[in-house]
Amino acid sequence: LRPDYAPAHENLGRIARAQGRIQEAVTHYRAALALQPRAATHSNLLLALNYLDGPAPEEIFVEHRRWAERYADPLATGADGSPAVTETSGARDRRLRVGYVSPDFSNHAVAYFFEPVLRAHDRHAFEVFCYSNVLSPDATTERLRSMAPHWREIASLDDDRATALIRVDRLDVLVDLAGHTARNRLGIFARRAAPVQMTWIGYPNTTGLRTMDFRITDHISDPPGKTEAFYSEKLLRMPGPFSVYQPSHDAPEVGPLPCLATDAPVTFGC
């Protein structure tokens with residue numbers, strides 16, 4: 001009825017992606033962007049590109065940088081055009097102040113990887129801040145909140161106000177846990193809310209941001225010398241896996257491996 005109605009193309013893109021019709025989703029997202037450029041629509045396109053066989057890594061990287069050039073790079077400078085700089089207190093005889101930003105501090109896959117890290121943080125060496133962009137808190141949210149020495153709600157704050165709040169905390173490191181997934185707050189990182197900024201867990205690719213200093217990964221996901229050119233971030237490889245899974249507290253015990261009792265050579269689990 002209205003071929004030039006961008007929100008319809010975006011919704012069709014979301015439906016197609018949910019059904020596994022990825023190329024169709026990409027086509028709708030590109031149509032929506034041509035009609036009405038939006039950062040969130042462009043992020044949906046980027047996420048969908050990760051599911052396609054076709055595009056070369058170089059092409060996907062270029063699309064991520066295109067997103068950043070349009071929506072992020074202009075926010076990374078001060079009023080006088082100089083690069084935005086965020087300072088810490090400068091003290092070296094104190095704990096390192098580390099903050100995590102996520103819309104997924106809830107019953108979400110990210111929480112299964114983040115919770116053990118939050119629980120195991122060395123409180124003598126680190127002062128931990130969580131910036132929650134959760135719209136519908138649940139039991140997982142409350143559990144994470146109980147472990148966090150400092151918990152800040154930012155779901156009702158725009159990027160400028162959230163950035164100001166984070167800067168008041170004078171962090172040393174700020175960590176993004178969403179990338180280009182739903183309800184991300186990459187606009188905060190574009191504004192350089194902390195002097196060192198990293199991305200981890202929530203997204204399987206680069207953010208494209210020049211203000212994102214590091215991507216936490218490992219040598220399996222990113223073999224040395226093979227993938228550096230596809231990231232705007234410097235790769236920070238952990239000595240082991242870059243993420244460790246904690247199963248749900250109500251998950252059943254692991255049962256016997258089916259392939260041991262049959263001729264099937266492989267067992268798939270999810």
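Odds and ends about this structure:
- The residues in segment 24-50 that are part of a loop (DSSP other than H, G, I, E, B) and either open to solvent by less than 30 Å² (accessible area, probe 1.4 Å) or under 18 Å from T227 (Cβ atoms) (or both) can be counted, and the count is 1.
- Leading residue by the ranking (surrounded by the fewest Cβ atoms within 10 Å (Cβ to Cβ)) among those in segment 51-66 that are part of a helix (DSSP H, G or I) and of a type in the set (D, E, K, R): E58
- Filter result for S102 (at pLDDT 95 or above, closer than 24 Å to S232 by Cβ and touching a Cys at 6+ places or on another chain (Cβ under 9 Å)): yes
- Wholly within segment 178-270, strands (runs of 3 or more DSSP E) carrying at least 3 residues that are at pLDDT 95 or above and open to solvent by less than 20 Å² (accessible area, probe 1.4 Å): 214-218
- Long-range neighbours under 6 Å by Cβ, at least six apart or interchain, first residue touching a residue at least 24 places away in the same chain (Cβ under 8 Å) within segment 25-37, second assigned to a loop (DSSP other than H, G, I, E, B): L35/D4
- Residue check, F113 touching a strand residue (DSSP E or B) at 6+ places or on another chain (Cβ under 7 Å) and modelled with pLDDT of 95 or more: no
- Among the residues making up segment 126-142, those that are within 19 Å of the chain's Cα centre (by Cα) and either of a type in the set (K, R) or assigned to a strand (DSSP E or B) (or both) are V128, F129, C130, Y131, S132.
- A residue that is over 24 Å from E228 (Cα atoms) and either modelled with pLDDT of 85 or more or in contact with a His (Cβ under 6 Å, 6 or more places away or on another chain) (or both) cannot be found anywhere in segment 78-93.
- Counting only residues that are over 14 Å from L174 (Cβ atoms) and over 12 Å from the mean Cα position of the chain (by Cα), segment 186-228 holds 13 of them.
- Restricting attention to segment 168-177, the residues that are in contact with a helix residue (DSSP H, G or I) (Cβ under 9 Å, 6 or more places away or on another chain) and open to solvent by 20 Å² or more (accessible area, probe 1.4 Å) total 0.
- Looking only at segment 133-164, residues that are of a type in the set (A, V, I, L, M), within 19 Å of T181 (Cβ to Cβ) and loosely packed, with under 15 Cβ neighbours inside 10 Å come to 1 in all.
The values are calculated or read from the model by the stated rules, or taken from the named source; none is laboratory data. Remember, predicted model here, so these are calculated numbers, not experimental data. Note that each Cβ is placed from the backbone with ideal geometry, even for glycine, and that neighbours are counted across all protein chains shown. Remember, those area values only see protein heavy atoms, side chains included, never the ligands or the DNA or RNA. Shrake-Rupley method; radii C 1.70, N 1.55, O 1.52, S 1.80 Å.
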